[in-house]
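Each value in this text was obtained by applying a stated rule to the coordinates, not by laboratory testing. Please read these numbers as outputs of a predicted model, since none were measured by experiment. Note: ideal-geometry Cβ built from the backbone for every residue, glycine included; neighbour counts use all protein chains shown.
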Amino acid sequence: MAKILIVEDNALNIKLFCDLLAAHGHQPEAVTDSRNALDAAREFDPDLVITDIQLPHVSGLDLIRMIRKDDQLAGVPIMAVTAYSARGDEERIRAAGAQAYVSKPISVVRFAETVDQLLKNGHDRTAQAESDEPEIDNPESQANDSGDGPGPGETGGEET
Ligand code: MN
């Protein structure tokens with residue numbers, strides 16, 4: 001079960017998304033006024049945010065950018081849902097910081113698959129985790145292992 005915040009101004013879509021997510025065992029929460037979305041997200045602490053792009057007041061693109069700049073929420077996966085699929089839309093949505101993009105009217109299967117995929121990938125902690133991660137593989141030494149001759153310091157005695 002995952003906590004999923006839905007930001008959507010259309011009541012029918014809210015019902016559809018909530019029903020779909022609940023049917024998959026998730027816990028959806030909906031916000032209709034995008035001006036409340038950031039506060040709601042901080043409070044709800046979702047595993048995934050699904051946001052409409054065409055929203056009154058704060059656009060979905062602006063909301064995505066705000067989430068990406070928020071200390072608490074920066075790593076939360078975001079899926080954008082939009083009725084327009086004009087040329088360049090997907091690039092703009094991804095550039096703002098969403099990982100996925102589904103166009104309306106949604107395909108139920110594609111919607112569910114995208115949700116599953118984003119939840120599987122989970123929060124993007126690379127920004128914070130980078131310095132903590134130990135260097136596991138040294139490509140240089142691996143390259144030496146498959147080299148032709150004995151490396152420096154090795155004595156002959158080729159095995160057969
Ligand atoms: Mn809308």
Close lysine pairs (the range 3-123; alpha-carbon distance under 21 Å; 8 or more apart or on separate chains) counted at 4
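Semi-axes of the range 3-123's equivalent ellipsoid from the Cα gyration tensor, sqrt of 5 times each eigenvalue, largest first, rounded to whole Å? Please list the in-between numbers first.
On the way: eigenvalues 61, 57, 43 Å².
Ellipsoid semi-axes (Å, largest first): 18, 17, 15.
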Checked against the positive end of the charge dipole of the range 3-123 (+1 on Cβ of Lys and Arg, -1 on Cβ of Asp and Glu, about the Cα centre), the farthest of 77, 57, 96 is 96
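Test of understanding: ordering 4, 93, 106 by Cβ neighbours within 10 Å, fewest first, what list do you get? Spell out each step's value before the answer.
On the way: 4 26, 93 23, 106 17.
Ranking 4, 93, 106 by Cβ neighbours within 10 Å, fewest first, gives 106, 93, 4.
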For the range 52-93, the dipole about the Cα centre with charges only on Cβ (Lys and Arg +1, Asp and Glu -1), to the nearest 20 debye, works out at 80 debye
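Just rank 52, 47, fewest to most, by other beta-carbon atoms within 10 angstrom.
Values: 52 23, 47 19.
Sorted ascending by nearby Cβ count, the order is 47, 52.
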Checking rank on 54-65, 108-119, with mean other Cβ inside 10 Å and highest first, the result is 54-65, 108-119
